[in-house]
Amino acid sequence: MKLNALYDYALQRNIGVCCVALRSKKAFSTKHDDGHYVVLNYTGSEREERLTLAEEVGHCETDAFYCLDDINSSNWKCNVAKVERQARNWQIKHLIPLESLRAAIKEFRGEVWEIAEHLDVKDDLIRDAFDYYTAKGEVF
């Protein structure tokens, strides 16, 4: 999914998105009574903006947010990992569809960095995509 398509998707799903200068975070997403919102730290890099927006929209679409109960819980690390995994899986499904990944593997003979470059994502997202699709029983 291209950057403009992600913005269109967010608009269609009533997810408010704005870009601002954040001091310590790349982005965050939140849910309020009137909807979901994403705040991005504008970096000037379209690739970084696309990757970050996809993950934050993933939080909104999967309703995967932190809450104070998680932070105060004895297993808060597990809850945070679960929330991040849900958003990451959404990001994978929308930025690296299975058929696109299969085609890239065939074309680039499994070199992770080449596949990542071709799909305009980072190497770690390709590795996570392998794990995600393999866990779902897909074969490459």
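Since every read-out is calculated from the coordinates, none of them should be taken as a lab result. Just so we're clear, the structure is a prediction, and the values are computed from it rather than from any experiment. Every residue, glycine as well, gets a Cβ built from its backbone with ideal geometry; the counts of neighbours run over all protein chains shown.
Note on residue 26: aspartates and glutamates with a C-alpha under 12 Å away, same-chain residues under 8 apart excluded, are 48, 49, 55, 56. For the chain, the longest principal axis of the C-alpha atoms and the axis of helix 123-135 are separated by about 80°. What is the angle, in °, between the Cα long axis of helix 3-12 and the longest principal axis of the Cα atoms in the chain? Nearest 10 is fine, range 0 to 90. Around 40 degrees separate the two axes. Summing +1 for each Lys or Arg and -1 for each Asp or Glu, what net charge is found among the other residues whose Cβ lies under 10 Å from the Cβ of residue 116? Here the count lands on -4.
The angle between the Cα long axis of helix 98-108 and the main principal axis of the chain comes to about 40°, on a 0 to 90 degree scale.
Of all the C-alpha pairs in the chain, what % are more than 18 Å from each other?
Details: 5710 of 9730 pairs.
Of all Cα-Cα pairs in the chain, 59 percent lie more than 18 Å apart.
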